[in-house]
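What follows is a short report on a single structure.
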Amino acid sequence: MLFMCGIIGYVGPRDAREVIIAGLRRLEYRGYDSAGIAVVADGRLSVAKKAGKLANLEAELATIDFPVAHQGIGHTRWATHGGPTDENAHPHVSADGRVAVVHNGIIENFSDLRAELSNAGVEFKSETDTEVAAHLLAAELLGADTLMDAMRAVVKRLDGAFTLVAVDIAGSGEVVAARRNSPLVVGVGEGENFVASDVLAFIEHTRDVVELGQDQIVRITADEIEVIGFDGQPAETTRYHVDWDTSAAEKSGFDWFMRKEIFEQPRAVADTLLGRFNTKGELVLDEMRGISPEDLRRINKIVIVACGTAYYAGMVAKYAIEHWTRVACEVEVASEFRYRDPIIDPQTLVVTISQSGETADTLMAIRHARVQGAKVIAICNTNGATIPRESDAVIYTHAGPEIGVASTKGFLTQLVACYLLGLYLAQVRGMKYADEIRIITDELERTPAMVQQMLDGAERIYALAHSLAEAGDFIFLGRHVGYPVALEGALKLKEIAYQHAEGFAAGELKHGAIAIIEPDMPVFVVVPPEGRDQLRDKVLSNIKEVKARGAYTIVLAEERDKQISEDADVIIRLPHLSTLLQPLVATVPLQLFACELATVLGHDVDQPRNLAKSVTVE
Ligand code: F6R
């Protein structure tokens with residue numbers, strides 16, 4: 001089975017191979033276990049595919065005679081079942097050599113289909129579920145007038161989530177794609193058209209996009225785009241213009257996308273705050289239209305569901321929302337949510353946070369919530385993605401595309417959107433007066449400069465990473481909103497530097513985990529701002545506890561905090577912010593640390609092993 005892959009299809013005057021390989025390079029963050037391409041030229045299908053990163057495919061293409069073509073498809077894969085081999089790489093070709101197919105998602109009933117096809121004499125070349133789609137398509141083409149008709153017949157036989165893109169040697173300059181529960185967009189060019197998993201694949205050619213809906217099939221030629229539903233009826237689509245350009249998809253002199261994205265955070269935070277007030281000084285969230293102020297006044301519980309880094313943003317949001325609105329707020333990992341039969345009703349507001357907007361666990365959680373009658377607000381960075389489409393309202397973060405697999409600017413902008421949502425709820429529910437909201441938003445508006453200040457100190461953090469390159473184990477501690485920051489610091493280190501790193505609520509440590517502290521073990525501690533003295537004093541005690549056991553303490557504390565020096569081996573200074581907003585600055589050095597440590601250790605920071613950018617299966 002094949003998951004979370006990058007897909008592209010092209011029809012137009014350029015050399016399809018060049019367009020497709022360049023597109024796959026931009027999509028490689030979605031999966032990088034193997035890559036492949038199929039083109040049709042002069043009624044012949046040519047396919048090349050290779051295990052490993054795209055570079056392996058490019059090396060292969062350099063040694064073979066691959067035709068110049070004007071119609072083709074490509075794929076970059078993230079595998080689970082069916083290892084990353086040449087045979088399992090996409091595209092897959094039907095037994096008669098007529099059609100080639102690439103696929104993202106899972107065909108859940110593929111075993112049955114495979115058995116049926118095998119009984120009919122079809123020989124399979126791979127272990128993938130995708131290959132059944134290629135054979136089915138070829139079979140349907142025998143009786144169908146067009147590739148689109150055949151695709152329509154095939155999708156009716158498939159269960160699960162899939163985007164399929166196909167070329168047919170008999171088709172006259174066309175690529176056909178189908179979408180169910182898996183992303184697909186169409187790039188509208190002049191005399192050329194594209195289909196892809198996301199806009200990045202064709203952004204250098206066009207910024208005009210048609211967003212495909214659920215259960216739709218599209219046929220592109222160089223001049224035409226035809227969209228129908230799985231029922232065969234012409235379908236409604238949404239067209240939009242992407243407001244960022246190719247520079248957003250380039251490293252622009254940085255060694256990694258991740259590092260570039262860390263350094264983009266001042267702008268990303270500022271853009272996410274932009275235009276949120278009306279002339280009366282009220283907070284306005286335009287995209288909230290699907291949920292009325294009346295709805296928001298009626299709710300008696302908020303449930304936040306998200307995964308990974310986005311979940312940690314949700315943990316911060318819980319503190320802010322409860323503090324500002326006094327509405328009970330739960331936060332839950334999306335993959336656990338629907339399986340415990342959560343108590344949700346029409347008075348529950350479900351908030352979902354997802355950078356990609358395609359995370360399957362999160363998507364399934366909101367579907368479950370909506371069935372129970374809850375309203376759903378999505379916080380999302382990807383225009384038109386499935387999660388915002390299936391939510392009642394959306395607050396877009398304006399981070400621009402996040403390509404590094406480890407989320408950085410995604411996280412900071414999610415925090416900003418969560419704060420805005422919390423304040424908006426407080427405003428609508430009459431819990432805060434406009435001037436109180438203004439004080440907090442004024443502070444928020446000062447944060448881009450503070451994030452920049454943290455970035456200006458990057459060299460010191462890099463030096464720290466070099467000095468700890470051999471450490472091997474890392475602990476991160478925090479209380480209150482410092483706790484999710486600690487979890488996020490540990491996650492970054494795990495995913496890109498492959499280090500053993502754990503985040504704890506600082507007060508929990510003495511209930512067991514403190515036993516793992518060894519002499520010289522690096523322990524990062526986030527200290528709350530002065531003014532939250534009860535909380536702060538407790539954290540200061542926790543620093544003493546680990547220091548007494550020989551830990552090497554790296555303390556993140558405010559510039560004006562003079563009390564911490566004696567127990568801190570290293571102090572990372574933070575500008576002053578109120579407690580709830582402190583994660584916006586405290587996270588930045590932890591991102592820089594992870595990025596540099598992974599670099600020192602020689603890892604591929606943008607494409608860490610075993611991971612893919614968006615997790616489109618449960
Ligand atoms: C960590 C990371 C993941 C994602 C998680 C949710 O750096 O990137 O933990 O945060 O997979 O992804 P989205 O936000 O796209 O739903």
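Observations on the structure shown:
- Filtered by the rule that a residue be surrounded by 16 or more Cβ atoms within 10 Å (Cβ to Cβ), over 19 Å from Gly31 (Cβ atoms) and either not assigned by TED's automatic domain parsing to the domain that holds Asn56 or not small (Gly, Ala, Ser) (or both), region 67-100 gives His70, Gln71, Val93, Arg98, Val99.
- Filtered residues of region 360-387 (kept if open to solvent by 30 Å² or more (accessible area, probe 1.4 Å), more than 9 Å from the ligand (Cβ to nearest atom) and closer than 22 Å to Ala399 by Cα): Asn383
- Filter pass, Gly489 being assigned by TED's automatic domain parsing to the domain that holds Glu596, of a type in the set (Gly, Ala, Ser) and open to solvent by 50 Å² or more (accessible area, probe 1.4 Å): no
- Residues of region 190-221 satisfying the condition of being part of a loop (DSSP other than H, G, I, E, B) and either open to solvent by 30 Å² or more (accessible area, probe 1.4 Å) or aromatic (Phe, Trp, Tyr) (or both): Glu190, Gly191, Glu204, His205, Arg207, Gln214, Asp215
- Filtered by the rule that a residue be charged (D, E, K, R) and touching a helix residue (DSSP H, G or I) at 6+ places or on another chain (Cβ under 6 Å), region 302-359 gives Arg338, Glu358.
- Selection of region 494-542 for residues being closer than 16 Å to Gly478 by Cα and within 16 Å of the ligand (Cβ to nearest atom) yields Ala501, Glu502, Gly503.
- Residues (away from the ligand (no atom under 16 Å from the Cβ), modelled with pLDDT of 95 or more and of a type in the set (Gly, Ala, Ser)) located in region 403-460: Gly422, Ala426, Ala449, Gly457, Ala458
- The residues of region 300-317 that are away from the ligand (no atom under 13 Å from the Cβ) and buried (at least 21 other Cβ atoms within 10 Å of the Cβ), listed by number, are Ile302, Val303, Val316, Ala317.
- Complete set of residues in region 140-187 that are surrounded by fewer than 23 Cβ atoms within 10 Å (Cβ to Cβ), β-branched (Val, Ile, Thr) and closer than 30 Å to Arg367 by Cβ: Val155
To keep it simple, each residue is scored yes or no on (1) among the hydroxyl-bearing types (Ser, Thr, Tyr); (2) in contact with a Phe, Trp or Tyr (Cβ under 8 Å, 6 or more places away or on another chain); (3) free of Cβ contacts under 8 Å to residues at least 24 places away in the same chain; (4) open to solvent by less than 30 Å² (accessible area, probe 1.4 Å).
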{"position": "Val102", "(1), (2), (3), (4)": "no, no, no, yes"}
{"position": "Gly105", "(1), (2), (3), (4)": "no, yes, no, yes"}
{"position": "Glu108", "(1), (2), (3), (4)": "no, no, no, no"}
{"position": "Leu113", "(1), (2), (3), (4)": "no, no, no, yes"}
{"position": "Ser118", "(1), (2), (3), (4)": "yes, yes, yes, no"}
{"position": "Val122", "(1), (2), (3), (4)": "no, no, no, no"}
{"position": "Glu127", "(1), (2), (3), (4)": "no, no, no, no"}
{"position": "Glu131", "(1), (2), (3), (4)": "no, yes, no, yes"}
{"position": "Ala138", "(1), (2), (3), (4)": "no, no, no, yes"}
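- Any chance Ile403 is assigned to a strand (DSSP E or B), touching a residue at least 40 places away in the same chain (Cβ under 8 Å) and aliphatic (A, V, I, L, M): no
- Of the residues making up region 178-189, those that are in contact with a Leu (Cβ under 6 Å, 6 or more places away or on another chain) and outside any loop (DSSP other than H, G, I, E, B) are Ala178, Arg179.
- In region 334-359, residue nearest to the ligand (Cβ to nearest atom) [restricted to those that are open to solvent by 10 Å² or more (accessible area, probe 1.4 Å) and outside any loop (DSSP other than H, G, I, E, B)]: Ser335
- Within region 406-441, the set of residues being surrounded by fewer than 24 Cβ atoms within 10 Å (Cβ to Cβ) and outside any helix (DSSP H, G or I) comprises Arg429, Gly430, Met431, Lys432, Tyr433.
- Test for Arg297: is it surrounded by 14 or more Cβ atoms within 10 Å (Cβ to Cβ) and in a helix (DSSP H, G or I): no
- Set Arg536, Arg532, Arg560, Arg573: member being open to solvent by less than 30 Å² (accessible area, probe 1.4 Å) and farther than 19 Å from Ala471 by Cβ: Arg536
- Some residue of region 244-259 being open to solvent by less than 10 Å² (accessible area, probe 1.4 Å), in contact with a Lys or Arg (Cβ under 8 Å, 6 or more places away or on another chain), farther than 30 Å from Gln372 by Cα and of a type outside the set (Ser, Thr, Tyr): yes
- Among the numbered conditions (1) under 23 Å from Thr221 (Cβ atoms); (2) outside any strand (DSSP E or B); (3) touching a Phe, Trp or Tyr at 6+ places or on another chain (Cβ under 9 Å), the only one that Phe66 does not meet is (3).
- Options Val19, Val39; residue that is in contact with a Phe, Trp or Tyr (Cβ under 6 Å, 6 or more places away or on another chain), under 16 Å from Ala196 (Cα atoms) and buried (at least 24 other Cβ atoms within 10 Å of the Cβ): Val19
The values are calculated or read from the model by the stated rules, or taken from the named source; none is laboratory data. Not measured: the values here are computed from a predicted model. Because the Cβ atoms are built from the backbone with ideal geometry, glycine has one as well, and the counts that use them run over all protein chains shown. Accessible surface areas use protein heavy atoms only, side chains included; no ligands, DNA or RNA. Shrake-Rupley method; radii C 1.70, N 1.55, O 1.52, S 1.80 Å.
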